[in-house]
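Structure record follows, encoded as C-alpha cells.
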Amino acid sequence: MVQHVGIIGAGQMGNGIAHVFAVAGYDVLLSDINAEALVKALKKVEANLHRQVVKGLISDDEAKAALARVKTDTTLDGFSEVDLAIEAATENEKVKIAIFQQLCPILKADAILATNTSSISITRLASTTDRPEKFIGLHFMNPVPVMKLVELIRGIATSEETYKVAETFIAKIGKTSANSEDFPAFIVNRLLLPMINEAVYTLYEGVGSVESIDKAMRLGANHPMGPLQLADFIGLDTCLSIMQVLYEGLADTKYRPCPLLVKYVEAGWIGKKVNRGFYDYRGEEPVPTR
C-alpha cells in the first residue's frame, strides 16, 4: 500500500510529480540538495494548482489541501518513512547511481524505488541498488500535471507485484500507463527524439530556418508545437543525452546526434530553462536564434 511518496529532484519533472501525487491525496516529501530549488518548486506547484482552480479542474480547498501535503527537505533523512521513492534528478547515469547508493540504506525494506529516467536502462540502474525486484521505471511526460501518459518500464528483475502496485498508483493519480520494454529511450523518446534530431539536421543543412521548420510541422503535420520549439521546452541538454543513449545503445548511425545540437549545448543555449535555445526567450516574444 503506497501512501507516503518521496521524490528526489525538485526540477520541472520533480515538482510536477509532487503536484499530481499531492492532488491525488498522497503525502509527499520533495528533496533537493539546493534549498533555493525547493522554494522555486513549491511556488511552481502552487501556481499550477491555482491554474487548475481557475480552469475548474479542482476546488480552492482541494488546492490548499494538496499544497499542505507537500513537505520539502535538503536531505534524504525523511525517506525512511516513504513507501515509494521516485528519483527525478538530471538525466545522468552517474548522478542517479550516486543517489541510489545514498538512498537505499535509508529506505524501508519493502519500499519501492523508481526512476523517472527518459532513456537509461532500468535493468542497469536496478542492478546498482539493494532491491532490483522492487525497482521500476516511471517515465512521466512534461508538463506532468497536464500530460496523461506514464511509461512503465520493468527491468529484468522487477517483480510482477511491483509492476501491479505501480499500475495501481498511476491510475489513482489520474494517469494512463503504457508498458514499454527496457530498451534505449523506451517508446515515446525512441520515436520523438530522432524526429527532433532530424529537425536539427534540417536546420544544420540549410533546408529551412527555425521558423519555417516549426511552421511546416505545426501546419503541415498538425503538431501542436514545432520540433525545435519542443526541443527548447524539453531542454537541448536532455535531447542530446537521449540521442547519445540511443546512438550508444543501438549502435546505429541513424541516431547520431546532430553536430548543431552538440554546438548549442556546448554554448549553454539549452532552451527555455535558460531563456535561449533555438529561440531567444528574453524578450516579449520568442525570436529564432538562426
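Only the coordinates and a few stated rules stand behind these numbers; no lab work does. The model shown is predicted, which means the values in this text are computed figures rather than measured ones. Every residue, glycine as well, gets a Cβ built from its backbone with ideal geometry; the counts of neighbours run over all protein chains shown.
Pop out the ³J(HN,Hα) list for the stretch 164-175 in order, Karplus 6.51 cos²θ - 1.76 cosθ + 1.60 with θ = phi - 60°, rounded to Hz; leave Gly and Pro as x.
With coefficients 6.51, -1.76 and 1.60, one gets 5, 4, 4, 4, 5, 6, 5, 5, 5, 8, x, 9 Hz.
Using θ = phi - 60° and the Karplus relation 6.51 cos²θ - 1.76 cosθ + 1.60, list the HN-Hα couplings for the stretch 216-224 in order, rounded to whole Hz, with x at every Gly or Pro.
These are the phi-based 3J(HN,Hα) values: 4, 7, 5, 8, x, 10, 6, 7, x Hz.
Taking the chain as a Gaussian network, where each spring joins two C-alpha atoms under 10 Å apart, which residue of Ala22, Ala47, Ala199 fluctuates the most?
Result: Ala47 has the largest fluctuation of those listed.
Non-local amide H neighbours of Arg276 (under 5 Å, H modeled in plane, Pro and chain starts lacking H): which ones?
Ile270, Gly271, Tyr281
Take every DSSP beta bridge with both residues inside the chain and express the antiparallel ones as a percent of the total, to the nearest 5.
25
Scan around His223 for amide H atoms under 5 Å from its own, H built in the peptide plane at 1.01 Å from N, and keep only partners 5 or more places away or cross-chain.
Hits under the 5 Å cutoff: Arg218.
To make sure I understand, if each residue's beta carbon is the centre and we count other beta carbons within 10 Å, what order do Tyr26, Tyr279 fall in, fewest to most?
Taking fewest neighbouring Cβ atoms as first place, the list is Tyr26, Tyr279.
Relative contact order of the stretch 124-282: what whole-number percent is it, with Cα pairs under 8 angstrom and at least 6 residues apart? Let's see the in-between values first.
Working: 206 pairs, mean separation 25.5, N = 159.
Across the stretch 124-282, relative contact order equals 16 percent.
Using a Cα-Cα cut-off of under 20 Å, which aspartates and glutamates could be cross-linked to Lys43, ignoring same-chain neighbours fewer than 8 residues away?
Asp27, Asp32, Asp60, Asp61, Glu62, Asp73
Quick one: which residues, 5+ away or cross-chain, put their amide H under 5 Å from the amide H of Ile7? H built at 1.01 Å from N.
Leu29, Leu30, Ser31, Ile86
Add +1 for every Lys or Arg and -1 for every Asp or Glu among the other residues with Cβ under 13 Å from the Cβ of Ala178, and state the total.
Surrounding charge for Ala178 is +1.
With the cut-off at 16 Å, report for the stretch 188-281 the share of all Cα pairs above it, as a whole percent.
On the way: 2198 of 4371 pairs.
Above the 16 Å cut-off, the stretch 188-281 has 50 percent of its Cα pairs.
Using Cα-only point scatterers and the Debye equation, what is log10 of I(q)/I(0) for the stretch 1-108 at each q in 0.17 Å⁻¹, rounded to two decimals?
Summing over Cα pairs of the stretch 1-108 leads to -0.74.
Where a Cα-Cα gap under 26 Å defines reach, which lysines qualify for Lys164, not counting those fewer than 8 residues away within the same chain?
Of all the lysines, those that pass the test against Lys164 - Cα under 26 Å, at least 8 places apart if same chain - are Lys96, Lys108, Lys134, Lys148, Lys172, Lys175.
Averaging sequence separations of C-alpha pairs under 8 Å and six or more residues apart, then dividing by the length of the stretch 188-281, give the relative contact order as a whole percent.
Working: 108 pairs, mean separation 27.2, N = 94.
Computed over the stretch 188-281, the figure is 29 percent.
Based on the alpha-carbon gyration tensor of the stretch 84-195, what equivalent-ellipsoid semi-axes (square roots of 5 times the eigenvalues) come out, in whole Å, largest first?
21, 16, 13
Rg to Rh for the chain: what is it, with Cα atoms only and Rh by Kirkwood?
Value, to two decimals: 0.97.
Is it possible to state the helix-based mean residue ellipticity at 222 nm for the chain, with each DSSP H run of 4+ residues giving -39500 (n - 2.57), the sum divided by total residues, to the nearest 500 deg cm²/dmol? What is it?
Working: 11 runs with 130 residues, N = 290.
Mean residue ellipticity at 222 nm (helix-derived): -14000 deg cm²/dmol.
Enter the angle in degrees (range 0 to 90, nearest 10) between the Cα long axis of helix 12-23 and the first principal axis of the Cα atoms of the chain, meaning the one along which they spread out most.
On a 0 to 90 degree scale, this one is about 40.
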